[in-house]
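Peer 1: Pasting a structure here, questions to come.
All of the numbers you see were taken from the coordinates with simple rules; none came from a lab. For clarity, every value in this text was computed on a predicted model and none was experimentally measured. Neighbour counts run over all protein chains shown; Cβ positions are idealised from the backbone, glycine included.
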Amino acid sequence: MELFEQQRSIRAQPALVLFSGGQDSTTCLAWALSHYTHVETVGFDYGQRHRVELAQRQIVREQLALGFPEWRARLGPDHTLDISVLGSISASALTQERTIELQQDGLPNTFVPARNLVFLTLAAALAYRRSIRILVGGMCQTDFSGYPDCRDATIRAQQAALTLGLNEEMLIETPLMWSDKAQIWALAQTLGGPTLVDVIVEHTHTCYLGQREQRHAWGYGCGQCPACELRSAGWRRWQASRAAQAPERSAPAGEGEAGN
Ligand code: ZN
């Protein structure tokens with residue numbers, strides 16, 4: 001029923017999704033495939049430490065096409081942009097004290113200030129060339145982990161700058177902006193049911209250490225790094241909220257209401 005509701009609001013426009021192969025951007029891709037008739041993806045290779053994420057991108061795309069025939073029809077080409085210059089910025093920053101603080105906070109070594117602004121600008125340039133005026137990104141203010149370029153005000157300012165700079169109205173859709181990690185799991189369930197949740201668990205990558213040997217209920221990863229902690233804590237909260245709702249669903253008629 002929820003899937004059907006999503007279908008009705010579909011717009012006959014192309015969109016470009018900033019797609020890294022992680023949980024958030026995969027949920028964004030599913031969201032875009034539920035809202036737009038043609039969806040392309042773009043990934044950025046900037047020498048990131050968890051390169052396994054890049055390798056998972058094609059697998060996730062294939063799995064979505066396999067599991068959802070209606071999405072397969074809408075899924076357009078993938079683009080990968082090599083922006084290794086960003087890697088050299090983060091490498092030179094390793095000599096500065098600030099980076100050491102960031103490491104103690106648990107942010108990755110490859111943390112690049114204003115990274116999302118660079119991504120959005122490059123994505124907009126690519127979109128412009130491909131006659132696409134809608135970008136979709138997984139920026140999220142709720143769990144923004146200290147990245148100020150994930151905040152809604154930053155994205156709105158970037159949208160205004162791109163619209164002026166390209167002299168074309170650019171829209172940046174951020175369907176996860178006000179969601180926490182539990183709500184992002186719930187959104188995946190709404191968009192694609194257990195099939196989509198399975199694709200995310202089995203094939204998306206989040207772990208900062210690039211670990212894919214250990215399988216947890218929420219997917220693969222070291223289980224210790226901040227990215228794994230956010231993902232697993234979100235999974236646990238989502239499971240807990242579903243369990244809390246489950247007795248209502250299974251209770252015999254008449255008894256479910258009494259508990260509320
Ligand atoms: Zn990890």
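Peer 1: Computed FRET efficiency, Cβ-Cβ of residue 246 and residue 142, R0 22 Å: what is it to the nearest 0.05? Each step should come with its number before you reach the end.
Peer 2: Details: r = 25 Å, r/R0 = 1.14.
Taking R0 as 22 Å, the efficiency between residue 246 and residue 142 is 0.30.
Peer 1: A further question on this structure: With each label point set 7 Å from Cα along the Cα-Cβ vector, what nm distance links residue 72 and residue 45?
Peer 2: Each label point is offset 7 Å from its Cα along the Cβ direction, giving 2.7 nm.
Peer 1: Between the range 9-68 and the range 162-203, how many Å separate their Cα centres?
Peer 2: If we compute the Cα centre of each part, the gap is 9 Å.
Peer 1: Using a Förster distance of 35 Å, how high is the FRET efficiency between residue 168 and residue 81, based on the Cβ-Cβ distance and rounded to 0.05?
Peer 2: The computed FRET efficiency comes out at 0.95.
Peer 1: Would you pull out the residues with amide H under 5 Å of residue 13's amide H, same chain only if 5 or more places away, H placed 1.01 Å from N?
Peer 2: For residue 13, the qualifying residues are 37, 38.
Peer 1: Please compute P(r) over all alpha-carbon pairs of the range 19-62, binned at 10 Å starting from zero, and give each bin as a whole-number percent.
Peer 2: Calculated P(r), rounded to whole percents: 27, 56, 16, 1.
Peer 1: Taking amide H atoms as placed 1.01 Å from N in the peptide plane, list the residues 5 or more away in sequence, or in a different chain, whose amide H sits under 5 Å from that of residue 79.
Peer 2: 41, 42, 43
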